[in-house]
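What follows is calculated from the coordinates using simple rules that are stated; it is not laboratory data. The shown structure was predicted, so the numbers you read here are calculated from the model rather than taken from an experiment. Here the Cβ is made from the backbone with ideal geometry for all residues, glycine too, and neighbour counts use every protein chain on show.
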Amino acid sequence: MASLLERPLRAAILAAADSPFVQRTVSRYGMQLGARRFVAGESTAEFLSVAREVNARGFAVACGILGEGVRERAEATAAADRYCALLRTFAAQGLDANVAFKLTHLGLDIDPELAFENAARVAQTARECGNTMRLDMEQSRYVDATLAIYRRLRAQFDNVGYVLQSYLLRSMDDLISTFELEPNVRFVKGAYLESPSIAYADKRDVDAQYVKLVETALTHPGYTAVATHDPAIVAEIERFVAERGIPKRGRFEFQMLYGISPQLAQSLVERGYRVRLAVPFGDFWFPYLMRRLAERPANLAFFLRGAFSRR
Ligand SMILES: Cc1cc2nc3c(=O)[nH]c(=O)nc-3n(C[C@H](O)[C@H](O)[C@H](O)COP(=O)(O)OP(=O)(O)OC[C@H]3O[C@@H](n4cnc5c(N)ncnc54)[C@H](O)[C@@H]3O)c2cc1C
């Protein structure tokens, strides 16, 4: 029953995210009501403090400044500047942290060339700092453009990665098409609402393709980021790497989102795996929060409890 209701509930939450009333109300009170569970804060200082604490618990960090769908060239360039400054700060302060960002934050909706130039600037700074960066994957309409920019970056830089979503039917073909680049790929299930004509509607298919993608990547040259909180998939990947003699560090890492499944993440660190937490910060946290609520509608109850307990 719960799973029957899940898809319509997810769709309703993601649709509500487009409502100006919901945007105004949640943006006004959301941080106090519970967004802080998933977001390190609004300022760089708050982020750096969380990143240090996360490093101290044995995790690497993937830093993301919250932002997407930027419409002004200056805003997109400023976002790239902020990523470059953060990379220099990580190097200066000895933080184990890299960056991952959405290309629409760096100008993809304005001009793909602008997004490429901004991303290349971040890649260059990351290289100078001995660090890496990754392009997140957004809605399906951006997949071709994101892969095209990844390929152009990869031709110049060996410190860039990208993301594939296991809910998309096309993802295995996309993975295979990048094998010649010895790619650094993060695998996720996918956080957006996509049409059944291009995406698996049944969670079992999404999960099965997830495992297939990760295991295929792990048997080819490159680096794999297994980004999931799904304990069954984590157990399957642990079994697979042990059986193949793939070392716990060097060829792959686990990744999770800040504030989600902390015990599973900590237990992986304790078992000797490299685990990276994606830690977002910034003031544009509304769409990020709505995706986290849609992934697990039970979070909505947590969020609303926060609202009513403060009355
Ligand atoms: C590091 C990282 C980077 C990501 N980058 C992208 C990206 O670039 N593009 C993209 O489309 N998606 C991205 N995602 C989101 C991803 O697509 C999924 O929406 C999200 O990870 C939930 O899927 P799951 O693999 O955890 O499995 P699920 O089957 O959804 O969840 C498994 C279990 O994890 C826990 N869980 C999952 N989500 C939540 C939540 N929101 N709150 C509380 N508990 C939860 C629950 O216990 C649940 O039973 C990223 C996820 C991670 C971890």
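Observations
- Net charge of Cβ neighbours under 11 Å - reference PRO196; Lys, Arg +1; Asp, Glu -1: -2
- The stretch 96-254 shape via C-alpha gyration tensor axes, a/c threshold 1.5: oblate
- Anisotropy class assigned to the chain is rounded, per the alpha carbon gyration tensor with a/c under the 1.5 cut-off.
- The distance between label points at ALA74 and ARG7 comes to 4.6 nm (points 7 Å beyond Cα on the Cα→Cβ vector).
- Estimated [θ] at 222 nm from DSSP helical runs (n ≥ 4, -39500 (n - 2.57)) normalised by residues in the chain, nearest 500: -16500 deg cm²/dmol
- Candidates ALA80, ALA51, ALA145: whichever shows maximal mean-square fluctuation once the chain is modelled as a Gaussian network with Cα springs under 10 Å: ALA145
- Of all DSSP-defined beta bridges confined to the chain, some 5% are antiparallel rather than parallel.
- Among GLN266, GLN255, GLN209, the largest mean-square fluctuation in a Gaussian network model of the chain (Cα springs under 10 Å) belongs to GLN266.
- The stretch 56-284, relative contact order in percent, only Cα pairs under 8 angstrom and at least six apart counted: 20 percent
- Loop-located trypsin sites (Lys or Arg not before Pro) in the stretch 177-284, at most 12 other Cβ atoms within 10 Å (DSSP): ARG249, ARG271
- Given charges at beta-carbon only (K, R positive; D, E negative), |dipole| of the chain in Debye: 900 debye
- Each label was represented as a point 7 Å from its Cα along the Cα-to-Cβ direction; for ASP81 and GLU270 these points are 4.6 nm apart.
- Under 19 Å from LYS203, Cα to Cα: lysines that are on another chain or at least 8 residues apart: LYS189, LYS212
- Sorted by Cβ neighbour density within 10 Å, fewest at the top, the residues ILE13, ILE176: ILE176, ILE13
- Between ALA11, ALA123, ALA225, the Gaussian network model of the chain with springs among Cα atoms under 10 angstrom shows the greatest mean-square fluctuation at ALA11.
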